[in-house]
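Peer 1: Okay, here's the structure, questions in a sec.
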Amino acid sequence: MTFTLKPLLLFTFLLLSCNSGKLDIIAYLPNNLKEASAIETVVGSDLLWTIEDAGNKNNIYGLNRKGEIIKDIDVDNAKNIDWEDLTSDNNGNLYIGDFGNNNKKRKNFSIYKISNLRTNDAKAERINFILPKKVKPEDFEAFFLLNNNFYVFSKEKKSSIILKIPNRIGKHTAKVISKFKLKGKDSKITGAAINKTGKIVVLLNHDKLWKITNFKEDNFLNGHVEALEFNHNSQKEGVCFKSNSVVYITDEKNGNDNGIIYEFKID
């Protein structure tokens, strides 16, 4: 079955199936990473990259597969207002999504481009964006890069929007490409990723992952949408592709329990 989404109109998606899935633990995050809000692989690096969200350092952390911090980079010209997600490009650049907006009062948003992950002190280039007129501020927590455009997803209970922003240094007005609602008790989107071929999108939630295929251009939710349920619920914030059939997922520290890096099969 295929779902049709018309831009700027609200639809409810009847998900194709709900498959229970096991999250395989591959490592525990370091105790000092309390609020890991993302995970990303980068071309030319063997590390898994993460950040923390609002109220934490302006740092990027490179982890090995044991969850140990191998690289700790201070981004000294980028303020962590509310860093929420990471994405990367085919040239080895890493992008930080500073667009969290829990109180819905923020009007200016940023994406930071980091070109050198070998140094201990990085300088970021900045891509700024604002919302179109008459579009109310939302809380944004997820994005990915496709065809040199960023696609940013809002985290909402009732309905979500997708923004499109060019990957170009400077200030831009985002374009709203669609408004949608995913069916389910909890449909908030906390992370997003697209595979290397640009053919598979995943959207993350605390207890499930939505896998999207067979879409055309950037009409992502016009494709085949499948809900893949996890075997437990936690504050999962980060997702990226390991391969076309496996993703990495992270959750945040919970009390005395460290955050975890998982592998999850999507096929």
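Throughout, read-outs are computed from the coordinates displayed, never taken from laboratory work. What you see is a predicted model; the values in this text were computed from it and never measured. Positions of Cβ are generated from backbone atoms using ideal geometry, with glycine treated the same way; all protein chains shown enter the neighbour counts.
Peer 1: For Asp74, what is the net charge nearby, where nearby means another residue's Cβ is under 9 Å from its Cβ and Lys, Arg count +1, Asp, Glu -1?
Peer 2: -2
Peer 1: Taking R0 as 22 Å, what's the FRET efficiency between Ile130 and Asn103 from their Cβ-Cβ distance, rounded to 0.05?
Peer 2: In this case the efficiency is close to 0.85.
Peer 1: Determine, for Arg168, Arg106, the number of other Cβ atoms within 10 Å of each Cβ, and report the residues in order from fewest to most.
Peer 2: Going from sparsest to densest Cβ surroundings: Arg168, Arg106.
Peer 1: Just want to confirm a number: the relative contact order over the chain, from Cα pairs under 8 angstrom separated by 6+ residues, in percent. If you can, show how the numbers build up before the last one.
Peer 2: Numbers: 747 pairs, mean separation 59.8, N = 267.
Computed over the chain, the figure is 22 percent.
Peer 1: Taking the number of other C-beta atoms within 10 Å as the exposure measure, put Ser234, Ser245, Ser154 in order starting with the fewest.
Peer 2: Ordered by Cβ neighbours within 10 Å, fewest first: Ser245, Ser234, Ser154.
Peer 1: Kindly rank 220-228, 130-138 from highest to lowest mean number of other beta carbons found within 10 Å of each residue.
Peer 2: In decreasing order of mean packing, 220-228, 130-138 become 220-228, 130-138.
Peer 1: What's the ranking of 46-55, 210-219 by average number of surrounding C-beta atoms within 10 Å, highest first?
Peer 2: Listed from highest to lowest mean packing, they are 46-55, 210-219.
Peer 1: Return the single residue from Gly21, Gly100, Gly62 with maximal mean-square fluctuation; model: Gaussian network over the chain, springs between Cα atoms under 10 Å.
Peer 2: Greatest mean-square fluctuation among the candidates belongs to Gly21.
Peer 1: Just how large is the dipole of the stretch 12-265 about the Cα centre, in debye to the nearest 20, putting +1 at every Lys and Arg Cβ and -1 at every Asp and Glu Cβ?
Peer 2: Values: 39 positive and 32 negative charges, 237 e Å.
So the dipole magnitude of the stretch 12-265 works out to roughly 1140 debye.
Peer 1: Please list, ordered by chain and number, the residues whose modelled amide H lies under 5 Å from the amide H of Leu29; skip anything fewer than 5 residues away on the same chain.
Peer 2: So Leu29 has HN proximity to Gly259, Ile260, Ile261.
Peer 1: If you add up the charges near Ala193, with Lys and Arg at +1 and Asp and Glu at -1, over every other residue whose beta carbon is less than 14 angstrom from its beta carbon, what do you get?
Peer 2: Taking every other residue near Ala193 into account, the sum is -2.
Peer 1: Within 10 Å, count the other beta carbons around each residue, average over each peptide in 186-192, 66-72, and list them highest first.
Peer 2: 186-192, 66-72
Peer 1: So if I take the centroid of the Cα atoms in the stretch 35-94 and the same for the stretch 117-142, what is the distance between those two points in Å?
Peer 2: 14 Å
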